[in-house]
Amino acid sequence: MSWARSAGAGALAATAWGLVEPLDRRLFRSDYSDIALLGKAVTRGPRWRAAGFALHAGNGALFGLAFEGIRRATGFEGRRLAVGLALAEHVGLYPLGYFVDRYHPARGEAGIPPLLANPRAFGQATVRHLLFGLVLGRLARPGV
């Protein structure tokens, strides 16, 4: 696998995640949106969605690079590693919702409900990370 392929796979997986958000928001009956969380952190104007997608894709690319480094260092199978890393990142970083709940400039607006004590948002994030890991693991494979 190549570094560029894994970075691109991460960016595409993060974009897929963002495109699925409207569906999971209805399914979980929760307004939580990572695209809104990121986009509204940098702009409150009409381009917050584009900014959110760009930041999310960039984060996905960085995750793809980290995935590739860990895969090369450990020799673990790519698909399982991608899903495991994505879910570990979710569980490890979800407590940072405390800071979103207290300090995000758009907290309480559409897409940014309270997170830390929100089981629906946690469920959404779990499904989103699972999707991300599956897409990353699939697209980062050689010959795909």
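The values are calculated or read from the model by the stated rules, or taken from the named source; none is laboratory data. Being a predicted model, the structure only gives us computed values, none of them experimental. As a convention, Cβ positions derive from the backbone with ideal geometry for all residues, glycine included, and neighbour counts pool all protein chains shown.
Observations on the structure shown:
- Filter result (part of a helix (DSSP H, G or I), of a type outside the set (D, E, K, R) and surrounded by fewer than 24 Cβ atoms within 10 Å (Cβ to Cβ)) within segment 1-16: Trp3, Ala4, Ala7, Gly8, Ala11, Leu12, Thr15, Ala16
- Taking (1) more than 14 Å from the chain's Cα centre (by Cα); (2) under 20 Å from Gly8 (Cβ atoms); (3) of a type outside the set (Asp, Glu) in turn, Ala73 satisfies each apart from (2).
- If the condition is being hydrophobic (A, V, I, L, M, F, W, C) and farther than 14 Å from Leu131 by Cβ, then segment 7-26 contributes Ala7, Ala11.
- Phe28 over 16 Å from the mean Cα position of the chain (by Cα), modelled with pLDDT under 95 and of a type outside the set (Gly, Ala, Ser): no
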